[in-house]
Amino acid sequence: MLKIIRISIIVFISMGTVAAGAAEVNVYSARKEALIKPALDKFTQQTDIQVNLITGKADALISRIKTEGKFSPADVLLTTDAGRLVRAKQLGLTQAYQSDTIHSQVPEQLRDEQGHWFALTMRARPIMVVKGSAQASLTLDYESLAGTDLNGKVCVRSSSNIYNQSMISALIHQVGAEKAETFVSGLVKNFARPPKGGDRDQIKALVAGQCQFAIANTYYLAGMLQSKDPSQVAIAKQVHVIWPNQDDRGAHVNISGAALAKEAPNSDSAKQLLDFLLNEDSQSWYAQANHEYPVRAGVANSPVLSEMGAFKAEQVPLARVGELNTEAVKLMDRAGWK
Ligand code: FE
């Protein structure tokens, strides 16, 4: 009993210390430090609120918040896909925060209905081919990649990857499970090799001639184009982006986004930070640093991204994408997508 009392006192004292000290906010970020820290530093400069940044894999951060429970110091969770934000909400690790900024700057389908999370940027996942090849002049839909004429010609990473899971979840939402499964079965039959590596590896395999079509997020291609490694630049320069489904539902997009943590001991500071990340400056910096599409209208894309062309994006409520994740994973499994 004495031990419990002692622990309570220690917890009470340490919480008191935090409250009495300088304002701060604890950010758990699945986004790499270099791709978020400068924006957080700017926030500190402008507000005097100190930001404590913890980076890690999204699933690890989510389990950490879960394990920490009531005493979790997490205020803000940043992830690079909608699926994880929905998962955090489903686990009861987030809370609602609705602000005029969020409502006016983030399109409805890119935020949670109850205000538990919202998008900071959009990420597109089109089809890539080699510039000047016969494929480069084609008009393609994702469905084209499941055609019987493309046997052994498609490169895409594993189904364990959340980008693919979210892509198939979005497809189920838009065309129904049956059509989605027909597509995935056809696609798997056309794989050039068993899925391996990340999106950059699919782009490399494409240019190396191991496949004629690759599915990858555009910021990887942009990152390669801007790389300090000339070999990466040389590869990326050979790639042409084809925007699929431009005559119907549009190309698949995912998001990077933010959520206010359930316990958020510094919730006032956290709310200020969340709004700050949507202001024009932050959105502009974020778009340039990450080569993703800013969620705020009127903010310019990074020049390399602009060169890949404008496109019609699918309009799927991303909350649905998260909810359909389990169904998508099962479907991909049945179709043999390793
Ligand atoms: Fe990524």
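Against the list (1) away from the ligand (no atom under 16 Å from the Cβ); (2) at pLDDT 95 or above, the condition Gln109 fails is (2). For the criterion of being part of a loop (DSSP other than H, G, I, E, B), within 16 Å of the ligand (Cβ to nearest atom) and of a type outside the set (D, E, K, R), Gly197 passes. For the stretch 187-203, the tally of residues that are buried (at least 19 other Cβ atoms within 10 Å of the Cβ) and touching a helix residue (DSSP H, G or I) at 6+ places or on another chain (Cβ under 8 Å) stands at 6. Annotation for the stretch 112-126: no member residue is under 19 Å from Arg334 (Cα atoms) and either touching a Ser or Thr at 6+ places or on another chain (Cβ under 7 Å) or not hydroxyl-bearing (Ser, Thr, Tyr) (or both).
Restricting to the stretch 213-236, name every residue that is assigned to a loop (DSSP other than H, G, I, E, B) and either buried (at least 19 other Cβ atoms within 10 Å of the Cβ) or within 16 Å of the ligand (Cβ to nearest atom) (or both).
Answer for the stretch 213-236, where residues must be assigned to a loop (DSSP other than H, G, I, E, B) and either buried (at least 19 other Cβ atoms within 10 Å of the Cβ) or within 16 Å of the ligand (Cβ to nearest atom) (or both): Ala216, Asn217, Gln226, Ser227.
Taking the listed residues Arg296, Arg320, the one that is in the same structural domain as His173 (by TED's automatic domain parsing), touching a helix residue (DSSP H, G or I) at 6+ places or on another chain (Cβ under 7 Å) and either of a type in the set (D, E, K, R) or within 30 Å of Gln46 (Cβ to Cβ) (or both) is Arg320, with no other qualifying.
When residues in the stretch 261-297 are screened for being farther than 30 Å from Ser227 by Cα, in a helix (DSSP H, G or I) and charged (D, E, K, R), 3 of them pass. Can you find a residue in the stretch 141-153 that is part of a loop (DSSP other than H, G, I, E, B), in contact with a Pro (Cβ under 9 Å, 6 or more places away or on another chain) and either within 16 Å of the ligand (Cβ to nearest atom) or among the hydroxyl-bearing types (Ser, Thr, Tyr) (or both)? Scanning the stretch 141-153 turns up no residue that is part of a loop (DSSP other than H, G, I, E, B), in contact with a Pro (Cβ under 9 Å, 6 or more places away or on another chain) and either within 16 Å of the ligand (Cβ to nearest atom) or among the hydroxyl-bearing types (Ser, Thr, Tyr) (or both). Of all residues in the stretch 31-61, those satisfying the criterion of being part of a helix (DSSP H, G or I) and either exposed (fewer than 13 other Cβ atoms within 10 Å of the Cβ) or of a type in the set (A, V, I, L, M, F, W, C) (or both) are Glu33, Ala34, Leu35, Ala39, Leu40, Asp41, Phe43, Gln45, Gln46, Ala58, Ala60, Leu61.
The values are calculated or read from the model by the stated rules, or taken from the named source; none is laboratory data. Note that the structure is a prediction, hence the values are computed from the model and not measured. Note: ideal-geometry Cβ built from the backbone for every residue, glycine included; neighbour counts use all protein chains shown.
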